[in-house]
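The values are calculated or read from the model by the stated rules, or taken from the named source; none is laboratory data. Since this is a predicted model, take the numbers as computed values, not measurements. With ideal geometry, Cβ positions are generated from the backbone for all residues, glycine too; neighbour counts draw on all protein chains shown. The protein model used for the area step is the full one, side chains on, heavy atoms only, and it has no ligands, DNA or RNA in it. Shrake-Rupley method; radii C 1.70, N 1.55, O 1.52, S 1.80 Å.
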Amino acid sequence: MLKTAVQEQLLPEGSLQAKWDFAQQAGYDAIELRGKGDFHFASRREELRKARKDGVVMPTVCVDMLHFLGAFDEDLRRDAVAQMKSQLTVIAEIGGVGAQTPASYGMFSRRLPPFEPPRTEEEDREVLLAGLTELGEHARREGVTLFLEPLNRYEDHMVNRLDQAADLIRAVGLDSVRIGIDSYHMNIEETDPAAAIVAHADVIGHAQVSDSNRFQPGAGHLDWPAWLGALHTVGYDGHLALECRLTGDPVQAVRSVPAFLKRSGA
């Protein structure tokens with residue numbers, strides 16, 4: 001059965017409980033949280049515990065930081081890993097399933113000058129394996145999962161496709177590290193997005209959705225029946241979390257997504 005979630009910042013202003021009321025009325029099954037840096041997510045513990053007690057379903061948190069586990073600077077890498085450990089702990093405390101992060105975002109692109117990053121591919125891999133292993137071990141202890149998100153080539157130079165993420169995850173060898181796929185990035189990077197889902201189904205743990213233009217599903221040209229059909233074929237039973245920009249009336253745009261995805265995945 002198709003389950004949808006919506007990121008909290010896309011919902012009307014108000015408490016998580018009020019956002020949850022809106023989300024349910026629109027047809028969503030959960031809210032995906034956002035984890036800012038400076039341990040901001042941990043500072044929300046009381047708010048999140050109260051929301052959970054009030055019945056708000058919050059299975060995942062998506063990182064919203066300025067630097068990540070693949071940063072070039074060692075101090076920034078250490079901070080990013082500490083931040084992610086904290087987010088994994090907090091999402092576990094409220095009964096969630098995991099936290100999603102890219103290797104990096106906006107740090108470097110081979111598609112823009114100076115074209116050659118300051119680290120070699122071997123050094124990139126060493127850094128990522130070390131960070132993913134440390135976070136994966138922490139996630140395992142907490143009983144949750146770390147989701148590694150491949151980003152498109154203009155936003156990250158290290159992990160762009162599912163096969164690259166899968167290779168790292170298989171090398172780490174922990175069930176607590178999985179791929180968090182994103183339909184927008186896949187539309188740019190994968191030759192055949194549906195085939196990529198099938199090929200790496202064993203290490204896919206989470207899914208985020210937006211259309212080919214980064215707007216809400218239905219506002220672009222992504223082949224949703226094929227993409228959703230692949231997830232159905234491999235037995236994916238997690239949420240489809242809406243992470244996008246909105247075009248048109250924002251309230252109506254958010255409301256439109258669950259029905260659109262259900263029609264497209266029928």
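Observations on the structure shown:
- Note that segment 57-149 presents 45 Å² accessible area per residue, ligands and nucleic acids not counted, probe 1.4 Å.
- Within a straight-line Cα-Cα reach of under 28 Å, Lys50 can be paired with the following lysines, leaving aside sequence neighbours fewer than 8 residues apart in one chain: Lys3, Lys19, Lys36, Lys85.
- The chain: DSSP helices with Cα axial extent of at least 27 Å and average Kyte-Doolittle hydropathy no lower than -1.0: 74-93
- Stokes-Einstein D for the chain, Kirkwood Rh over Cα pairs, 37 °C, 0.692 mPa s (µm²/s): 177
- For segment 79-190, with all protein chains in place and a probe radius of 1.4 Å, 46% of the accessible heavy-atom surface sits on carbon or sulfur.
- Solvent-free Debye calculation, one equal scatterer per alpha-carbon of segment 128-265: log10 I(q)/I(0) at 0.09 Å⁻¹ equals -0.27.
- Mean projection of the Cα convex hull over all viewing directions, computed for segment 92-163: 5.4 nm².
- Value at 222 nm in deg cm²/dmol, rounded to 500, when DSSP H runs of n ≥ 4 in the chain each add -39,500 (n - 2.57): -13500 deg cm²/dmol
- Rounded to whole Hz, the Karplus (6.51, -1.76, 1.60) HN-Hα couplings of segment 30-41, x for glycine and proline: 6, 10, 9, 7, 10, x, 6, x, 6, 6, 5, 4
- Equivalent ellipsoid, segment 1-152 (semi-axes from 5 times Cα gyration tensor eigenvalues, Å): 31, 17, 13
- Label-point gap, in nm, between Ser212 and Tyr154 - each point 7 angstrom along Cα→Cβ: 1.5
- Potential lengthening of the chain between Arg119 and Val198 amounts to 25.3 nm, from the contour at 0.36 nm per residue minus the alpha-carbon distance.
- Ranked by the mean number of other Cβ atoms within 10 Å of their residues, highest first, the peptides 188-196, 109-117, 135-143 fall in the order 135-143, 188-196, 109-117.
- With a simple spin-label model that places each label point 7 Å from the Cα along the Cα-to-Cβ direction, the separation between Phe72 and Arg111 comes to 2.0 nm.
- Intensity falloff of segment 64-184 expressed as log10 I(q)/I(0), Debye formula with alpha-carbon point scatterers, at q = 0.17, 0.18, 0.23 Å⁻¹: -0.79, -0.89, -1.43
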